[in-house]
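The values are calculated or read from the model by the stated rules, or taken from the named source; none is laboratory data. Please read all numbers here as calculations on a predicted model, not as lab measurements. Virtual Cβ from ideal backbone geometry, glycine too; neighbours counted across all protein chains shown. The protein model used for the area step is the full one, side chains on, heavy atoms only, and it has no ligands, DNA or RNA in it. Shrake-Rupley method; radii C 1.70, N 1.55, O 1.52, S 1.80 Å.
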Amino acid sequence: MNRRAIVAANWKMNGSLALVNSMASELSKVSLNENVEVVVCPSFPYLAAFSFASSKANLASTFSLGAQNLSEHAKGAFTGEVSTSMLQEVGVSYVIVGHSERRSIYKESSSLVAEKVQAALAAGLKPILCVGESEEQRVSEQTELVLAAQLQPVIDKIGIEKFVDVVVAYEPVWAIGTGKTASPEMAQTTHQFIREFIAKIDENVAVKMPLLYGGSVNATNCEELFAQADIDGGLIGGASLKAEEFKIICSAAKGK
Ligand code: PGA
(Lines give C-alpha, C1' and ligand atoms only; values in the text may rest on other atoms or scores of the structure.)
Protein backbone atom coordinates (compact mmCIF):
# COMPACT_ATOMS: atom_id res chain seq x y z
CA MET A 1 0.00 0.00 0.00
CA ASN A 2 1.16 3.53 -0.59
CA ARG A 3 -1.19 5.90 1.18
CA ARG A 4 0.11 9.29 2.21
CA ALA A 5 -0.38 10.70 5.67
CA ILE A 6 -1.49 14.28 6.23
CA VAL A 7 -1.30 16.49 9.29
CA ALA A 8 -3.50 19.56 8.82
CA ALA A 9 -3.52 22.55 11.15
CA ASN A 10 -6.93 24.16 11.54
CA TRP A 11 -6.23 27.51 13.20
CA LYS A 12 -9.94 28.42 13.20
CA MET A 13 -10.42 32.13 14.07
CA ASN A 14 -7.11 32.29 15.93
CA GLY A 15 -3.61 33.41 15.10
CA SER A 16 -1.88 36.57 14.00
CA LEU A 17 0.83 37.72 11.62
CA ALA A 18 3.32 36.98 14.37
CA LEU A 19 2.12 33.36 14.53
CA VAL A 20 2.28 33.07 10.74
CA ASN A 21 5.93 34.07 10.74
CA SER A 22 7.02 32.08 13.77
CA MET A 23 5.16 28.93 12.65
CA ALA A 24 6.68 29.02 9.15
CA SER A 25 10.15 29.32 10.57
CA GLU A 26 9.57 26.61 13.24
CA LEU A 27 8.13 24.20 10.66
CA SER A 28 11.26 24.54 8.56
CA LYS A 29 13.05 22.63 11.36
CA VAL A 30 10.71 19.62 11.40
CA SER A 31 11.79 16.40 9.82
CA LEU A 32 8.84 14.49 8.45
CA ASN A 33 8.62 10.77 7.81
CA GLU A 34 8.41 9.65 4.21
CA ASN A 35 5.09 10.19 2.44
CA VAL A 36 3.79 12.77 4.94
CA GLU A 37 2.33 16.13 4.01
CA VAL A 38 1.64 19.02 6.40
CA VAL A 39 -1.11 21.52 5.57
CA VAL A 40 -1.49 24.79 7.48
CA CYS A 41 -4.94 26.41 7.34
CA PRO A 42 -4.91 29.96 8.77
CA SER A 43 -7.76 32.45 8.39
CA PHE A 44 -8.26 34.10 4.98
CA PRO A 45 -6.35 37.34 5.76
CA TYR A 46 -3.20 35.35 6.61
CA LEU A 47 -3.09 33.03 3.61
CA ALA A 48 -0.93 35.25 1.41
CA ALA A 49 1.31 36.07 4.37
CA PHE A 50 1.79 32.37 5.11
CA SER A 51 2.69 31.73 1.47
CA PHE A 52 5.30 34.47 1.65
CA ALA A 53 6.63 33.31 5.03
CA SER A 54 6.94 29.72 3.76
CA SER A 55 9.11 30.74 0.83
CA LYS A 56 11.19 32.94 3.11
CA ALA A 57 11.65 30.04 5.54
CA ASN A 58 12.37 27.69 2.62
CA LEU A 59 9.62 25.29 3.62
CA ALA A 60 9.81 22.07 1.64
CA SER A 61 7.16 21.08 -0.89
CA THR A 62 5.79 18.66 1.72
CA PHE A 63 4.25 21.75 3.39
CA SER A 64 1.09 23.14 1.81
CA LEU A 65 -1.33 25.94 2.46
CA GLY A 66 -5.01 25.32 3.12
CA ALA A 67 -8.10 27.49 3.61
CA GLN A 68 -10.83 26.83 6.18
CA ASN A 69 -13.76 27.42 3.86
CA LEU A 70 -14.66 28.45 0.29
CA SER A 71 -17.62 29.65 -1.69
CA GLU A 72 -19.48 27.20 -3.90
CA HIS A 73 -19.81 30.05 -6.44
CA ALA A 74 -17.12 31.07 -8.91
CA LYS A 75 -17.56 34.86 -8.60
CA GLY A 76 -20.08 37.65 -8.32
CA ALA A 77 -22.39 39.32 -5.82
CA PHE A 78 -21.66 37.18 -2.74
CA THR A 79 -20.51 39.67 -0.10
CA GLY A 80 -18.05 38.20 2.36
CA GLU A 81 -17.37 35.04 0.35
CA VAL A 82 -14.06 33.78 -1.07
CA SER A 83 -13.75 31.90 -4.37
CA THR A 84 -11.51 29.03 -5.43
CA SER A 85 -9.57 31.22 -7.87
CA MET A 86 -8.83 33.78 -5.13
CA LEU A 87 -7.53 31.00 -2.90
CA GLN A 88 -5.37 29.59 -5.67
CA GLU A 89 -3.93 32.97 -6.49
CA VAL A 90 -2.46 33.21 -2.99
CA GLY A 91 -1.00 29.71 -3.07
CA VAL A 92 -3.73 27.60 -1.46
CA SER A 93 -3.92 23.94 -2.47
CA TYR A 94 -6.18 22.40 0.20
CA VAL A 95 -9.49 23.56 1.65
CA ILE A 96 -11.40 22.35 4.70
CA VAL A 97 -15.05 21.74 3.80
CA GLY A 98 -17.96 20.98 6.11
CA HIS A 99 -16.20 21.44 9.43
CA SER A 100 -18.68 20.75 12.23
CA GLU A 101 -18.53 24.42 13.29
CA ARG A 102 -19.67 25.42 9.78
CA ARG A 103 -22.37 22.76 9.82
CA SER A 104 -23.71 23.65 13.27
CA ILE A 105 -23.11 27.41 13.69
CA TYR A 106 -23.51 28.47 10.04
CA LYS A 107 -26.11 25.82 9.18
CA GLU A 108 -24.22 24.37 6.22
CA SER A 109 -26.19 21.38 5.00
CA SER A 110 -24.64 18.22 3.58
CA SER A 111 -25.87 19.25 0.14
CA LEU A 112 -24.13 22.64 0.39
CA VAL A 113 -21.02 20.83 1.61
CA ALA A 114 -21.25 18.60 -1.48
CA GLU A 115 -21.44 21.70 -3.72
CA LYS A 116 -18.37 23.14 -2.05
CA VAL A 117 -16.44 19.89 -2.51
CA GLN A 118 -17.43 19.93 -6.17
CA ALA A 119 -16.31 23.55 -6.59
CA ALA A 120 -12.97 22.80 -4.91
CA LEU A 121 -12.28 19.76 -7.10
CA ALA A 122 -13.33 21.53 -10.28
CA ALA A 123 -10.73 24.20 -9.53
CA GLY A 124 -8.03 21.66 -8.67
CA LEU A 125 -8.09 22.30 -4.91
CA LYS A 126 -7.95 19.29 -2.60
CA PRO A 127 -10.93 19.25 -0.23
CA ILE A 128 -10.57 18.03 3.36
CA LEU A 129 -14.13 16.86 3.91
CA CYS A 130 -15.10 16.79 7.61
CA VAL A 131 -17.65 14.36 8.96
CA GLY A 132 -18.59 13.39 12.49
CA GLU A 133 -21.36 12.68 14.94
CA SER A 134 -22.52 14.61 18.01
CA GLU A 135 -22.37 13.14 21.49
CA GLU A 136 -26.10 12.53 21.47
CA GLN A 137 -25.85 10.69 18.15
CA ARG A 138 -22.97 8.56 19.44
CA VAL A 139 -24.87 7.66 22.61
CA SER A 140 -27.99 6.74 20.66
CA GLU A 141 -25.89 4.56 18.30
CA GLN A 142 -26.55 6.75 15.27
CA THR A 143 -22.88 7.28 14.40
CA GLU A 144 -22.79 5.12 11.27
CA LEU A 145 -26.08 6.50 9.98
CA VAL A 146 -24.90 10.08 10.50
CA LEU A 147 -21.58 9.46 8.75
CA ALA A 148 -23.29 7.74 5.82
CA ALA A 149 -25.74 10.67 5.53
CA GLN A 150 -22.84 13.12 5.44
CA LEU A 151 -20.77 11.15 2.90
CA GLN A 152 -23.48 10.04 0.47
CA PRO A 153 -24.51 13.51 -0.84
CA VAL A 154 -20.88 14.22 -1.69
CA ILE A 155 -20.48 10.88 -3.49
CA ASP A 156 -23.74 11.49 -5.36
CA LYS A 157 -22.64 14.98 -6.38
CA ILE A 158 -19.07 14.34 -7.54
CA GLY A 159 -19.11 10.64 -8.42
CA ILE A 160 -17.01 8.04 -6.65
CA GLU A 161 -14.13 8.24 -9.17
CA LYS A 162 -13.45 11.88 -8.13
CA PHE A 163 -13.51 10.88 -4.47
CA VAL A 164 -9.94 9.70 -4.95
CA ASP A 165 -8.88 13.38 -4.67
CA VAL A 166 -10.84 13.95 -1.45
CA VAL A 167 -9.26 13.76 2.00
CA VAL A 168 -11.79 12.74 4.65
CA ALA A 169 -11.44 13.95 8.24
CA TYR A 170 -13.45 12.10 10.85
CA GLU A 171 -14.07 14.48 13.74
CA PRO A 172 -16.47 13.37 16.45
CA VAL A 173 -18.11 16.65 17.45
CA TRP A 174 -17.91 15.76 21.15
CA ALA A 175 -14.12 15.49 20.88
CA ILE A 176 -13.52 18.88 19.21
CA GLY A 177 -11.89 21.38 21.54
CA THR A 178 -13.08 19.45 24.58
CA GLY A 179 -9.97 17.52 25.53
CA LYS A 180 -12.08 14.34 25.21
CA THR A 181 -10.37 12.31 22.48
CA ALA A 182 -11.92 9.19 21.02
CA SER A 183 -9.88 6.22 22.22
CA PRO A 184 -7.56 4.90 19.50
CA GLU A 185 -9.75 1.76 19.31
CA MET A 186 -12.98 3.74 18.95
CA ALA A 187 -11.41 6.03 16.35
CA GLN A 188 -10.06 3.03 14.42
CA THR A 189 -13.46 1.27 14.43
CA THR A 190 -15.12 4.38 13.02
CA HIS A 191 -12.38 4.97 10.46
CA GLN A 192 -12.73 1.37 9.36
CA PHE A 193 -16.47 1.89 8.94
CA ILE A 194 -15.83 4.97 6.73
CA ARG A 195 -13.24 3.17 4.60
CA GLU A 196 -15.53 0.16 4.19
CA PHE A 197 -18.45 2.45 3.30
CA ILE A 198 -16.37 3.83 0.41
CA ALA A 199 -14.94 0.39 -0.44
CA LYS A 200 -18.44 -0.99 -1.01
CA ILE A 201 -18.72 1.48 -3.90
CA ASP A 202 -15.10 1.50 -5.06
CA GLU A 203 -12.39 -0.49 -3.36
CA ASN A 204 -9.59 1.21 -5.24
CA VAL A 205 -10.68 4.68 -4.06
CA ALA A 206 -11.08 3.47 -0.47
CA VAL A 207 -7.54 2.08 -0.34
CA LYS A 208 -6.02 5.34 -1.58
CA MET A 209 -8.14 7.81 0.42
CA PRO A 210 -6.31 9.53 3.30
CA LEU A 211 -8.57 9.39 6.34
CA LEU A 212 -7.65 11.81 9.12
CA TYR A 213 -8.77 11.84 12.74
CA GLY A 214 -9.59 15.14 14.44
CA GLY A 215 -10.72 16.08 17.93
CA SER A 216 -8.35 16.98 20.76
CA VAL A 217 -5.28 15.43 19.12
CA ASN A 218 -2.18 16.50 21.03
CA ALA A 219 1.52 15.69 21.38
CA THR A 220 0.75 12.93 23.89
CA ASN A 221 -2.01 11.00 22.11
CA CYS A 222 -0.97 11.48 18.45
CA GLU A 223 1.40 8.55 18.20
CA GLU A 224 -1.12 5.95 19.31
CA LEU A 225 -3.87 7.42 17.15
CA PHE A 226 -1.66 7.60 14.05
CA ALA A 227 -0.54 3.99 14.59
CA GLN A 228 -4.08 2.71 13.88
CA ALA A 229 -4.48 0.89 10.56
CA ASP A 230 -7.05 3.29 9.09
CA ILE A 231 -5.84 6.59 10.59
CA ASP A 232 -3.67 8.49 8.13
CA GLY A 233 -2.85 11.58 10.18
CA GLY A 234 -4.97 14.25 11.78
CA LEU A 235 -6.80 17.54 11.60
CA ILE A 236 -5.44 19.50 14.54
CA GLY A 237 -7.13 22.51 16.13
CA GLY A 238 -5.88 23.85 19.47
CA ALA A 239 -2.56 22.01 19.41
CA SER A 240 -1.71 23.41 15.97
CA LEU A 241 -1.36 26.92 17.43
CA LYS A 242 1.62 25.89 19.57
CA ALA A 243 4.67 25.33 17.37
CA GLU A 244 6.48 22.96 19.74
CA GLU A 245 3.45 20.72 20.15
CA PHE A 246 2.48 20.84 16.49
CA LYS A 247 6.01 19.85 15.44
CA ILE A 248 5.79 16.70 17.60
CA ILE A 249 2.46 15.81 16.00
CA CYS A 250 3.87 16.34 12.47
CA SER A 251 6.84 14.10 13.21
CA ALA A 252 4.58 11.33 14.54
CA ALA A 253 2.70 10.87 11.23
CA LYS A 254 3.73 8.06 8.90
CA GLY A 255 2.46 7.08 5.45
CA LYS A 256 0.87 3.61 5.30
P1 PGA B 1 -9.26 20.44 18.32
O2 PGA B 1 -10.02 20.85 16.96
O3 PGA B 1 -7.99 19.74 17.93
O4 PGA B 1 -9.02 21.74 19.03
O5 PGA B 1 -10.17 19.53 19.07
C6 PGA B 1 -10.00 20.01 15.83
C7 PGA B 1 -10.84 20.61 14.73
O8 PGA B 1 -11.89 21.20 15.02
O9 PGA B 1 -10.50 20.54 13.54
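Quick notes
- Which numbered condition Ala199 fails, given (1) open to solvent by less than 10 Å² (accessible area, probe 1.4 Å); (2) more than 17 Å from the chain's Cα centre (by Cα); (3) of a type in the set (Gly, Ala, Ser): (1)
- Filter result (away from the ligand (no atom under 14 Å from the Cβ), farther than 12 Å from Glu185 by Cβ and surrounded by fewer than 20 Cβ atoms within 10 Å (Cβ to Cβ)) within the stretch 211-232: Glu223
- In the stretch 240-250, the residue that is farthest from the ligand (Cβ to nearest atom) out of those that are open to solvent by less than 10 Å² (accessible area, probe 1.4 Å) and not β-branched (Val, Ile, Thr) is Cys250.
- The stretch 70-83, residues that are open to solvent by 20 Å² or more (accessible area, probe 1.4 Å) and within 19 Å of the chain's Cα centre (by Cα): Glu72, Val82
- Residue check for Asp165: of a type outside the set (Gly, Ala, Ser) and surrounded by 15 or more Cβ atoms within 10 Å (Cβ to Cβ): yes
- In the stretch 169-185 there is at least one residue that is open to solvent by less than 50 Å² (accessible area, probe 1.4 Å), within 16 Å of the ligand (Cβ to nearest atom), hydroxyl-bearing (Ser, Thr, Tyr) and at pLDDT below 95.
- Residues in the stretch 11-56 that are closer than 21 Å to Val97 by Cβ, in contact with a helix residue (DSSP H, G or I) (Cβ under 7 Å, 6 or more places away or on another chain) and exposed (fewer than 15 other Cβ atoms within 10 Å of the Cβ): Asn14 alone.
- Taking the criterion of being over 28 Å from Ser93 (Cα atoms) and either touching a strand residue (DSSP E or B) at 6+ places or on another chain (Cβ under 8 Å) or part of a helix (DSSP H, G or I) (or both), the residues of the stretch 151-192 that qualify are Trp174, Ala182, Pro184, Glu185, Met186, Thr189.
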